[in-house]
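Reading through the structure tokens given below for one structure.
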Protein chains: 2
Amino acid sequence: MVRNHGKESDAPAPEGSLEQRAYAALRDALIQGGFPPGEKLSIRRIAVALGVSPMPARAALRRLAAERCLDIAPGGAAIVPLITRAEYREITRIRCLLEPEAAATAVPRLTGEEIAVLRAIAAEAKAARSSGDEETYRRGDRLLHQRFFAAAGQPLLLSLIETLWMRRSAIIAQARPLLPARPDKDDHDALIAAAETRDPAAAAEASRSEIERAAAYLMTRLRFPDDPAEPVDGWTTLRRING
Amino acid sequence: MVRNHGKESDAPAPEGSLEQRAYAALRDALIQGGFPPGEKLSIRRIAVALGVSPMPARAALRRLAAERCLDIAPGGAAIVPLITRAEYREITRIRCLLEPEAAATAVPRLTGEEIAVLRAIAAEAKAARSSGDEETYRRGDRLLHQRFFAAAGQPLLLSLIETLWMRRSAIIAQARPLLPARPDKDDHDALIAAAETRDPAAAAEASRSEIERAAAYLMTRLRFPDDPAEPVDGWTTLRRING
DNA sequence: CATGATGGAGTGTGATCACACTTTCGGGCC
DNA sequence: GGCCCGAAAGTGTGATCACACTCCATCATG
């Protein structure tokens with residue numbers, strides 16, 4: 001299983017099967033916003049881009065589709081999801097059901113050591129946001145929540161939350177240039193403070209308010225596929241010059 | 001894509017790609033309890049059992065694993081999940097978060113016609129239970145909830161609920177010989193009655209109480225992998241006959 | 001010049017083979 | 001008789017090829 005043909009190429013990940021590496025690479029690209037929503041990801045193109053045979057590429061794409069990180073076009077092609085406003089509302093709603101519960105459950109189980117780690121991650125994320133490094137911020141934000149929720153010790157709940165985050169990511173990452181002036185007033189701090197005071201209810205409330213605040217902000221700032229068409233290239237800005 | 005080699009074999013499903021058919025067949029078998037929990041499902045064995053090449057069998061198994069209908073053993077083999085008491089509690093907990101919400105959302109959107117269909121399904125299920133046909137009962141129970149929740153118009157929420165049901169099914173179907181004397185006092189009726197009176201709160205409450213009642217019942221009646229060992233075949237019942 | 005046919009490129013699906021690894025079971029040794 | 005080792009069957013992974021189908025551009029025709 002673990003084949004080491006001397007020295008593997010370089011970037012993706014020198015561990016695991018080719019499919020796992022392809023999966024991880026595509027997943028990261030998806031999170032980071034490497035693919036625009038609606039993009040068709042064909043097996044062979046992904047394969048050559050990743051430097052592997054079509055086989056692992058197909059498996060990775062199908063796995064991502066089964067996990068709802070990708071959608072399936074009529075022909076069977078994988079496409080990065082086009083999240084509508086309605087679906088974003090749905091995601092927000094489900095997050096408000098699951099994440100506060102996970103946060104509350106995690107609070108009594110978080111060790112002081114783990115809380116310190118979370119604090120460090122939050123500080124790093126805040127610094128990244130201040131310096132305008134949105135990718136690092138978003139990675140920190142994600143990691144913080146993952147580790148927080150993971151402490152709840154409910155792997156199934158964690159995986160469902162992950163599904164929602166993955167489905168959001170394509171749209172979220174699209175908002176690259178214009179992210180948070182100050183979308184949340186230290187939501188991370190509120191969450192971690194609740195953990196330190198061992199207050200599950202406060203953690204749940206912090207989680208819920210963070211989700212709703214972020215959703216309200218992004219609903220106004222983001223452009224969705226079902227929004228009325230906006231000029232995206234020069235052609236649509238052309239107007240008749242002869243009344 | 002849609003190949004019709006004259007006349008396909010027979011049973012599984014005469015529509016869709018081989019992978020889709022293999023997927024549907026395995027999924028149904030899983031729901032029905034065709035595989036005992038812990039069973040290893042190897043690609044080639046499934047392939048010959050389904051009369052297809054290893055290729056579609058592999059894809060179907062990997063897809064089911066990605067959907068958490070199956071687990072992955074260290075070697076990469078697919079195994080039907082061994083649900084522990086802790087995980088069953090987790091499933092119940094998440095269901096109590098998601099399903100009442102889905103039920104409440106569905107209520108105002110259910111048409112009178114669809115409610116009549118649900119009533120018919122519930123009646124059929126009740127009849128099947130009375131006559132001891134547990135498989136038909138369970139299929140009706142599942143279909144009833146699926147259609148009810150589907151009316152909520154939230155496909156993502158529906159798929160998450162489906163994940164939980166699928167993960168339950170291996171254990172649930174195991175309880176074949178000893179199901180409900182009367183585990184729920186017409187929970188279906190309560191749910192449908194709430195739909196007819198257009199009372200979302202009542203639907204949510206009916207959903208929640210049904211989940212908790214069923215879980216409480218099954219927790220006492222079901223045997224879980226992490227329970228202390230019990231005689232499962234003749235050998236373990238043998239006792240020393242000499243001091 | 002516009003329009004439809006036709007070719008090629010590209011697609012997902014499936015089959016088959018090769019490879020490295022794990023498991024298992026039987027025979028030989030102590 | 002018990003234990004260990006080795007061969008064989010079985011495993012998941014990956015590569016390669018074939019096939020049916022779709023899309024699109026190009027060319028020939030009206």
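Let's test the formula: R0 of 41 Å, r as the Cβ-Cβ distance of B:Arg221 and B:Arg147. What FRET efficiency results, to the nearest 0.05?
The computed FRET efficiency comes out at 0.90.
Measuring from centroid to centroid over Cα atoms, what is the spacing of segment B:59-133 and segment A:92-110 in Å?
22 Å
Would you list the P(r) distribution for segment B:85-221, with all Cα-Cα distances sorted into 10 Å bins from 0 and each bin expressed as a whole %?
For segment B:85-221, the pair-distance distribution reads 12, 45, 36, 6, 0.
Rg and Dmax of segment B:1-157, Cα atoms, in Å?
In Å, with Rg to one decimal and Dmax whole: 18.3, 51.
Taking the axis that carries chain B onto chain A, what is the nearest Cβ in chain B, and at how many Å, to the whole number?
Here the value is B:Ala66, 2.
In nm, one decimal, shortest first: how far is the label point of B:Ala216 (7 Å from Cα along Cα to beta carbon) from the matching points in the other copies?
Its label point is 3.9 nm from the equivalent points in the other copies.
In percent, what relative contact order does segment A:42-175 have, based on Cα pairs under 8 Å that are 6 or more apart in sequence?
Working: 109 pairs, mean separation 33.9, N = 134.
Across segment A:42-175, relative contact order equals 25 percent.
Using a 1.4 angstrom probe on the protein heavy atoms only, could you order B:Thr163, B:Thr197 from most to least accessible area?
Details: B:Thr163 30, B:Thr197 95 Å².
These residues rank, largest area first, as B:Thr197, B:Thr163.
Considering the options A:Ile79, A:Ser53, A:Ala24, tell which one lies farthest towards the positive end of the dipole of segment A:18-79, charges being +1 on Lys and Arg and -1 on Asp and Glu at the Cβ, about the Cα centre.
Farthest along the dipole direction, towards plus: A:Ser53.
For segment B:82-155, state the average projected area of the convex hull of the C-alpha atoms over all orientations, rounded to one decimal in nm². Provide the component values of the computation, followed by the final result.
Working: hull surface 24.0 nm².
Taking a quarter of the hull surface, the average projection is 6.0 nm².
Using mean Cβ contacts within 10 Å as the protection proxy, how do A:22-35, B:46-59 order, highest first?
Details: A:22-35: 19.1, B:46-59: 17.6.
Top of the packing list down: A:22-35, B:46-59.
A:Glu114 label points, 7 Å along Cα→Cβ, one per copy: pairwise distances from this copy to the rest in nm, shortest first?
Label-point distances to the other copies, shortest first: 4.0 nm.
What percentages make up the Cα-Cα pair-distance distribution of segment A:18-79 when the bins are 10 Å wide from 0?
Calculated P(r), rounded to whole percents: 25, 63, 12.
Quick one: label points 7 angstrom along Cα→Cβ at A:Ala86, distances to the other copies in nm, smallest first?
For A:Ala86, the inter-copy label distances come out at 4.1 nm.
Size of the dipole of segment B:85-221 about the Cα centre, Lys and Arg at +1 and Asp and Glu at -1 on the beta carbon, nothing else charged, in debye to 20? Walk me through the intermediate numbers first.
Details: 21 positive and 21 negative charges, 93 e Å.
So the magnitude is around 440 debye.
The values are calculated or read from the model by the stated rules, or taken from the named source; none is laboratory data. Because the structure is a prediction, the values reported are computed rather than measured. Every residue, glycine as well, gets a Cβ built from its backbone with ideal geometry; the counts of neighbours run over all protein chains shown. Accessible surface is based on the protein model in full, side chains and every heavy atom, while ligands, DNA and RNA are left aside. Shrake-Rupley method; radii C 1.70, N 1.55, O 1.52, S 1.80 Å.
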